[in-house]
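Quick notes on the structure that follows.
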Amino acid sequence: MIRRIATVGGLTLVSRLTGFLRDIVMAAVLGAGPIADAFFVAFRLPNHFRAIFAEGAFAAAFVPAYARTLEQTGIDAAKLFADRIAAALIALNLLLLGIALVYTPEVVGLLAPGLADDPTRFDLAVALTRITFPYLALVSLETLLAGVLNANNRFATAAAAPIFLNFSLIATLLLTPFFADAGHAAAWGVLIAGVAQVVFVGVDAQVHGIGITFRLPRMDEPTRRFLKALGPAVIGAGGVQLALFADTVIASFLPTGALSALYYADRINQLPIGVVGIAVGTVLLPEMSRRLAAGDTMGAASAQARGIQLALLLTIPCAAGALAVPDLIMRALFARGAFTAEDAAAAGATLAAYSVGLLPFVLLRSFTAPFYARGDTATPVKAALLAAAINIGLKVVLMGPLAQVGLALATAVGAWINLSLLAFFSRRQGFAVSGAAIGGPVVKLLVSGLLLGVSLLAGYYVLQGALVDARIFRDETMLALLLLLGAVVYTLAVFVLLGGAWFKGLLREVSVAADKEAPPDLEQADPTDDSATLPDNEPAPKA
């Protein structure tokens with residue numbers, strides 16, 4: 001499993017780094033003004049629905065169901081199940097797309113009512129949403145194909161697909177003179193990326209004999225179990241997205257730039273969530289589903305415990321840095337072109353608030369995986385809905401005194417509540433991660449993070465004086481030097497407090513837990529080697 005996490009995390013890191021390049025170009029071209037606000041509304045709307053109907057709820061229900069069918073009845077039955085679900089998914093998305101395109105002004109007015117007071121921003125948001133919304137149908141199909149690949153131990157292609165979004169947006173933004181404005185350029189970049197992602201993932205699935213052929217859905221046993229799991233998952237994902245919808249709705253009433261500050265701060269916050277949290281969760285879900293289907297509960301629990309430790313090891317320094325020097329991060333990355341120092345300060349304060357909840361954000365997928373792997377999508381819904389209710393209530397209370405920073409802080413509090421409830425429910429059901437297994441290392445990792453945060457603050461004030469006369473690349477130089485200082489301090493602290501044996505044990509036990517019982521039809525192949533050819537490296541799946 002450690003190799004698979006490295007594959008997903010590594011490619012996600014490439015995606016996030018190219019995403020930073022995209023955001024740098026976007027900040028320089030779009031800035032944080034009315035066109036940027038209109039585009040971010042248009043971009044958020046299909047992404048909210050995607051999280052409900054595609055990557056969030058759908059993946060939570062589909063991957064365990066597909067993995068269970070693959071483990072218990074073979075590749076032919078699993079492929080038939082995927083074909084039928086794909087046909088239903090596309091039909092649903094086309095219906096939703098038709099409604100959204102006809103009633104776009106009403107949808108934008110409902111989800112960003114504050115824009116109604118600014119006809120220019122509102123009309124532009126409507127026009128851009130009509131371009132971006134088809135991305136939902138495309139990414140929904142891409143999510144299904146990615147789930148099929150992941151369940152067959154092929155993680156690289158699905159993890160690399162989001163890179164197309166970054167390159168597509170960069171290309172269209174650089175070609176802004178050929179569009180009506182920068183907002184239209186970015187919107188068309190989103191739609192082009194959706195097509196590229198589907199083709200990229202679909203070709204890989206087809207080459208390896210697990211591509212999709214649309215077939216008329218039937219209400220057989222696997223489908224019934226899938227729908228039974230999907231219903232609660234949609235409600236749970238809807239609860240989470242409701243809180244994010246609240247961000248868009250409330251921020252639309254705040255002064256110009258609030259939506260943009262939320263976007264840029266969230267982009268930084270999403271780096272460890274994507275590289276670490278989603279990578280660990282993506283690998284854990286099919287792995288735990290297969291193990292539990294085979295009756296190996298101890299192996300599933302061991303993989304989860306070590307996955308949590310690995311996630312914290314990599315996330316704690318990110319949280320420490322974002323809390324210690326958020327303004328510097330935003331200035332160094334984005335303060336150029338149309339993005340001013342004042343914009344960077346607003347985004348930096350928002351980033352610090354988001355970072356309060358970074359640890360639970362990263363761990364959420366690791367804590368929901370045991371429920372989803374057991375076919376229980378209802379319990380995570382309870383946690384998500386209660387956390388979302390508190391989250392939205394806090395947003396309303398904090399928006400006045402703290403503006404968009406209050407929205408981000410409420411989101412962070414909601415993440416802690418969600419994680420705490422998941423831990424409580426898992427303990428009540430008897431499969432909680434043992435405190436004895438992770439308690440000691442977690443405390444020592446937190447102490448290491450505290451030492452890192454203190455060293456970054458001290459280094460920041462020292463470098464401010466040392467580089468006071470620097471006229472170019474001052475912020476970039478300070479950030480680079482602090483990254484070097486932080487890496488040294490955190491590495492030394494972890495080794496002193498935990499020891500090298502802990503690292504070896506972490507890697508060994510995660511690998512053993514995952515590789516001990518590879519599925520018989522896949523065990524001959526390296527699941528991370530996408531250069532493998534079917535005849536020589538792995539048995540070809542039956543058509």
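The values are calculated or read from the model by the stated rules, or taken from the named source; none is laboratory data. Please read these numbers as outputs of a predicted model, since none were measured by experiment. Here the Cβ is made from the backbone with ideal geometry for all residues, glycine too, and neighbour counts use every protein chain on show. Surface accessibility is based on the protein's heavy atoms, side chains included, excluding ligands, DNA and RNA. Shrake-Rupley method; radii C 1.70, N 1.55, O 1.52, S 1.80 Å.
Which is of a type in the set (Gly, Ala, Ser) and at pLDDT below 80, of GLY299, GLY307?
GLY299
Is it the case, given these coordinates, that LEU94 is in a helix (DSSP H, G or I), touching a residue at least 24 places away in the same chain (Cβ under 8 Å) and open to solvent by 40 Å² or more (accessible area, probe 1.4 Å)?
Criteria met by LEU94.
Considering only residues that are open to solvent by less than 30 Å² (accessible area, probe 1.4 Å) and of a type in the set (Val, Ile, Thr), look in segment 334-369 and name the one that is farthest from ALA305 (Cα to Cα).
Filtering segment 334-369 for residues that are open to solvent by less than 30 Å² (accessible area, probe 1.4 Å) and of a type in the set (Val, Ile, Thr), the one farthest from ALA305 (Cα to Cα) comes out as THR350.
Which residue is nearest to ALA88 (Cα to Cα), if the candidates are limited to segment 166-177 and must be in contact (Cβ under 8 Å) with a residue 40 or more places away in the chain and open to solvent by 10 Å² or more (accessible area, probe 1.4 Å)?
Restricting to residues being in contact (Cβ under 8 Å) with a residue 40 or more places away in the chain and open to solvent by 10 Å² or more (accessible area, probe 1.4 Å), the top hit is PHE167.
Find the residue count for segment 178-219, including only residues that are open to solvent by less than 70 Å² (accessible area, probe 1.4 Å) and not aliphatic (A, V, I, L, M).
Of the residues in segment 178-219, 13 are open to solvent by less than 70 Å² (accessible area, probe 1.4 Å) and not aliphatic (A, V, I, L, M).
List pairs: first residue in segment 237-261 and part of a loop (DSSP other than H, G, I, E, B), second residue open to solvent by less than 40 Å² (accessible area, probe 1.4 Å) and modelled with pLDDT under 75 anywhere in the structure, Cβ distance under 9 angstrom, at least six positions apart or on different chains.
These pairs meet every condition: THR256/ALA32; GLY257/ALA32.
Just to be sure, is ALA65 modelled with pLDDT under 85, over 21 Å from the mean Cα position of the chain (by Cα) and outside any helix (DSSP H, G or I)?
Answer is no for this residue.
Out of the residues in segment 390-406 that are in contact (Cβ under 8 Å) with a residue 24 or more places away in the chain and under 24 Å from VAL234 (Cβ atoms), which is surrounded by the most Cβ atoms within 10 Å (Cβ to Cβ)?
Only one residue tops the list, namely ASN391.
Run PHE226 past the list (1) free of Cβ contacts under 8 Å to residues at least 60 places away in the same chain; (2) surrounded by 22 or more Cβ atoms within 10 Å (Cβ to Cβ) and report the number of the one that doesn't hold.
PHE226 satisfies every listed condition except (1).
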